[in-house]
Amino acid sequence: MVKIAPSILSADFADMAAGVKLMEQAGVEYLHCDVMDGVFVPNITFGFKMIEDIRKKTSLPMDVHLMIDKPERYVERFAEAGADIITVHVEATVHLQRTLQAIRQCGKKAGAVLNPATPLEMVKYVLDDVEMILLMSVNPGYGGQGFIPAVMGKITELKEMIHAHGKEIEIEIDGGVNKETAAGIAAAGADVLVAGSAVFSAPDPVQAVRELRESIK
Ligand code: DX5
Ligand code: ZN
């Protein structure tokens, strides 16, 4: 079954607990938390304290997507704050394998993220070091952007690469996922769908999750 990971980026930051409760009601698999530093991406969101405070309110697995420069500086802090999965951009860390190891040494699941223009070759030699690979289907920084169609072929290729490697690794897709695009993305081989605006900008976020699931059946 394809997992749904709503991104709290599009939730009301002043009423985060309410958004999290709605996602529990909706029965989502992960809570996707977008950390942005204003350097790696042109936007700033939140840091450790938000993760820590959400952790106190829910037992939903927290999938923390670090859009920050040199994420190796902070993986331990995010692990301590309560992240379950920590993903880092290959474009942001020079010693990727070491950074992934550092995440695992904290007892957390590690993931590598590729921007839309970054080739799959960048993760070819770290497949043993990850539980997840996140393909960005928009340029990171903002919610509500349109899905970049070229990523569709990248999903299929990554699926083949993982299959050939012979180890289970989740493929997560982030950006422009909604009830129009989700079915094609799932059919291409995605295991986890991140959805921000499609869920939290909907009048009824619980219903929006249900509709997303329906759309991929
Ligand atoms: C984009 C973030 C996404 C974002 C997706 O930089 O990484 O997780 O919340 O938003 P939507 O689903 O609106 O494209
Ligand atoms: Zn994200």
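In segment 119-153, of all residues being over 20 Å from V35 (Cα atoms) and either in contact with a helix residue (DSSP H, G or I) (Cβ under 6 Å, 6 or more places away or on another chain) or open to solvent by less than 30 Å² (accessible area, probe 1.4 Å) (or both), the one that is nearest to ligand 2 (Cβ to nearest atom) corresponds to V151. Against the numbered list (1) out of contact with any Cys (no Cβ under 8 Å at 6 or more places or on another chain); (2) assigned to a helix (DSSP H, G or I), M50 comes up short only at (1).
Please list, ordered by first then second residue, the pairs with beta carbon atoms under 6 Å, 6 or more apart or interchain, first in segment 75-95 and in a strand (DSSP E or B), second open to solvent by less than 10 Å² (accessible area, probe 1.4 Å) and hydrophobic (A, V, I, L, M, F, W, C). Short answer, once both residue conditions are applied: I86/V64; I86/V75; I86/F78; I86/I103; T87/V113; T87/L134; V88/L66; H89/V113. Restricting the first member to segment 173-196 and to residues that are open to solvent by 40 Å² or more (accessible area, probe 1.4 Å), and the second to residues that are within 12 Å of ligand 1 (Cβ to nearest atom), the beta-carbon pairs closer than 6 Å and six or more apart or on different chains are N178/A198; K179/L212. Among the candidates P42, P71, the residue that is within 15 Å of ligand 2 (Cβ to nearest atom), more than 16 Å from the chain's Cα centre (by Cα) and closer than 30 Å to E157 by Cα is uniquely P42. Can you confirm whether L66 is open to solvent by less than 10 Å² (accessible area, probe 1.4 Å), over 17 Å from F48 (Cα atoms) and at pLDDT 95 or above? When the stated conditions are applied, L66 does not pass them. Selection of segment 169-217 for residues being assigned to a helix (DSSP H, G or I) and closer than 18 Å to S137 by Cα yields A182, A183, G184, I185, A186, A187, A188, S197, A198, V199, L212.
Quick one: what pairs do we get from segment 201-216, first residue touching a residue at least 24 places away in the same chain (Cβ under 8 Å), second of a type in the set (K, R) and not in a helix (DSSP H, G or I), C-beta under 7 Å, 6+ apart or different chains? What qualifies is E211/K179; L212/K179; S215/K179. Residues in segment 135-171 that are within 14 Å of ligand 1 (Cβ to nearest atom) and touching a Leu at 6+ places or on another chain (Cβ under 9 Å): L135, M136, Y142, G143, V151. Tell me, yes or no, whether segment 151-158 has at least one residue that is under 15 Å from the mean Cα position of the chain (by Cα) and part of a strand (DSSP E or B). The answer is no, given that none of the residues of segment 151-158 is under 15 Å from the mean Cα position of the chain (by Cα) and part of a strand (DSSP E or B). The residue pairs whose first member lies in segment 55-66 and is over 17 Å from V35 (Cβ atoms) and touching a residue at least 24 places away in the same chain (Cβ under 8 Å), whose second member is part of a helix (DSSP H, G or I) and of a type outside the set (V, I, T), and whose beta carbons are closer than 6 Å, counting only pairs six or more residues apart or on different chains, are K57/A17.
Residues that are away from ligand 2 (no atom under 14 Å from the Cβ) and in contact with a Leu (Cβ under 6 Å, 6 or more places away or on another chain) were ranked within segment 172-202; the one that is nearest to L120 (Cα to Cα) is A182.
The values are calculated or read from the model by the stated rules, or taken from the named source; none is laboratory data. Since this is a predicted model, take the numbers as computed values, not measurements. As a convention, Cβ positions derive from the backbone with ideal geometry for all residues, glycine included, and neighbour counts pool all protein chains shown. Please note that ligands, DNA and RNA were not included when accessible areas were found on the heavy atoms of the full protein model with its side chains. Shrake-Rupley method; radii C 1.70, N 1.55, O 1.52, S 1.80 Å.
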